[in-house]
Amino acid sequence: MFADKVSIFEVGPRDGLQNEVAVTTADKLRLIEQLAQAGVKRIEAGSFVSPKWVPQMADSGDIFRQLQRVDGITYSALTPNLKGLELALDAGADEVAIFGAASQSFSQKNINCSIEESIERFAPVMQAAQANNVRVRGYVSCVLGCPYEGDIAVAEVARVAEILYKMGCYEISLGDTIGVGTPHNARRMVEAVAEVVPVDKLALHFHDTYGQALANILACLATGVSVIDSSVAGLGGCPYAKGASGNLATEDLVYMLHGMGIDTGIDLALLAQAGDQISQALGRNNGSKVAQAIKN
Ligand code: HMG
Ligand code: MG
C-alpha cells in the first residue's frame, strides 16, 4: 500500500550545511529560495544550537530574518532547548524540531545529556512552542545503528519515538544517522514504531553513507509512510557522527517517486539546478546521481 503522494521534507540547508564551513549566508539564502521555486513545501532552514558546538549554523537567525518567504512553505529549525526555541521564535521560524536519540552515547555526544535528561529538557520547549502555536517535530537519531554503540534495539527506538509523540510532536522523523541500515531491518524498525506511533505521523530520515538509503526508503514505503526527509545534492552529515555522509539526495528520491507514479509536487529540473548551484558554491561535485545524469 504505497501512498500516491509523498511529502518531502528538505533538510539540505540544515543537515547538509551544518558540516560546511565555507558557505556564506547569501549562498544559504539562495539555496532556500531556489528550493522553494522548485516546489519544495517543507524546508529545514537552520538550527538554533550552541554556536560553540556547531558554528556553521550560527547565522540561522539572519537566515530566518532575511529569507524571501513564499506562501504555503514551512520554514523550520532545530531547537535543542528553551534558549534555542526562544531564538527560533524571535527569528520567525514557522515550525521547530526537538532532536533526541535511541542511543545514550549519541545523545551524550550530540546534545550533552542522557536520553532521559533530553526528554526533561524538551518538555518546556514543547510547552512554549504550543503556547506560541508553533508545531514541533521530533527526531529520533540512531534508529538503525549508532557510531558509538553499534546495533540499537528496535524496542528502544519505539520507546523514544512514543515518548516524543505523546509529548506532543506532530510528526516523528526516524533517523538512520550513519546510514548503516538495510531494507529488511529498516522496514522491521518502521513496523515496530508504527505499533506505538500512527504510521501517518512518521517520517524517514536516512543518511546514505553505505548507499542504502533509496533501497531502505523503497522497502519502508510499503508500510504506508508518506513523509521523507532528504537533502538536495546529497549534502551533509552530522558533526557528532564521524564519517556519516549526507542524507539521500532529494533529486534521486524525487526521480524514483515520480517514476513510480508517486506525486511530490516538485519540479526535478529546478531542484537539480538548486543542487548544482550549492555544489558549485562548495566547490565540489553534485552528490546526486540523477542531477549528474540530467546534466550530461
Ligand atoms: P551544553 O554545553 O550542555 O549547554 O550544550 P549549556 O546549556 O550548558 O550552555 C553552554 C553554552 O551554550 C552557554 O553559553 C549557552 O548560553 C549556550 P556560554 O554561557 O558558555 O557563553 N547555548 C546556546 N546558544 C545558542 N543557542 C542555544 C544554546 N543553548 C545553549 N540553543 C546543547 C547543550 C544542546 C546546547 C549543545 O549540545 C548543542 O548545541 N548541541 C547541538 C548539536 C547539533 O546541532 N548537532 C547536529 C544536529 S542533530 C543531527 O544532525 C541529527 C538529525 O539530522 C537526525 C539524524 O540524522 O539522525 C537531526
Ligand atoms: Mg540527519
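The values are calculated or read from the model by the stated rules, or taken from the named source; none is laboratory data. As the structure is a computational prediction, the values presented were derived from the model and not from experiment. Cβ coordinates were reconstructed from backbone atoms using ideal geometry, including for glycine residues, and neighbour counts include every protein chain displayed. Note: accessible area is taken over every heavy atom of the protein model, side chains too, but ligands, DNA and RNA are not part of it. Shrake-Rupley method; radii C 1.70, N 1.55, O 1.52, S 1.80 Å.
Tabulated results
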| quantity | calculated |
| --- | --- |
| Some residue of the stretch 112-120 being open to solvent by 10 Å² or more (accessible area, probe 1.4 Å), in contact (Cβ under 8 Å) with a residue 40 or more places away in the chain, touching a Gly at 6+ places or on another chain (Cβ under 9 Å) and over 22 Å from I228 (Cβ atoms) | yes |
| Subset of the stretch 264-296 that is touching a Lys or Arg at 6+ places or on another chain (Cβ under 8 Å) and either free of Cβ contacts under 8 Å to residues at least 24 places away in the same chain or charged (D, E, K, R) (or both) - its residue that is surrounded by the fewest Cβ atoms within 10 Å (Cβ to Cβ) | D276 |
| Filter pass, V49 being within 14 Å of ligand 1 (Cβ to nearest atom), closer than 30 Å to V154 by Cβ and open to solvent by 20 Å² or more (accessible area, probe 1.4 Å) | yes |
| Residue check for S107: closer than 19 Å to I217 by Cα, out of contact with any Asp or Glu (no Cβ under 7 Å at 6 or more places or on another chain) and buried (at least 23 other Cβ atoms within 10 Å of the Cβ) | no |
| Filter result (assigned to a loop (DSSP other than H, G, I, E, B) and either open to solvent by 20 Å² or more (accessible area, probe 1.4 Å) or over 12 Å from A91 (Cβ atoms) (or both)) within the stretch 52-69 | K52, W53, V54, A58, D59, Q68, R69 |
| Long-range neighbours under 6 Å by Cβ, at least six apart or interchain, first residue open to solvent by 90 Å² or more (accessible area, probe 1.4 Å) within the stretch 127-144, second of a type outside the set (A, V, I, L, M) | R135/E95; R135/Y170 |
| Members of the stretch 187-219 that are over 18 Å from S245 (Cα atoms), out of contact with any Pro (no Cβ under 8 Å at 6 or more places or on another chain) and part of a helix (DSSP H, G or I) | R187, R188, M189, V190, E191, A192, V193, A194, V199, D200, K201 |
| Options A36, A3: the member that is under 18 Å from V254 (Cα atoms), more than 16 Å from ligand 1 (Cβ to nearest atom), of a type in the set (G, A, S) and in a helix (DSSP H, G or I) | A36 |
| The stretch 247-261, subset part of a loop (DSSP other than H, G, I, E, B) and open to solvent by 10 Å² or more (accessible area, probe 1.4 Å), residue nearest to ligand 1 (Cβ to nearest atom) | M260 |
| Filtered residues of the stretch 70-80 (kept if within 13 Å of ligand 1 (Cβ to nearest atom) and part of a strand (DSSP E or B)) | S76, A77, L78 |
| Unmet requirement for P124, which otherwise passes all of (1) open to solvent by 40 Å² or more (accessible area, probe 1.4 Å); (2) in a loop (DSSP other than H, G, I, E, B); (3) more than 17 Å from N216 (Cα to Cα) | (2) |
| Residue in the stretch 236-251 that is modelled with pLDDT of 95 or more, over 20 Å from G145 (Cα atoms) and not charged (D, E, K, R) present | yes |
| Close pairs from the stretch 155-184: first acidic (D, E), partner assigned to a helix (DSSP H, G or I), Cβ under 6 Å, at least 6 apart | E171/K201 |
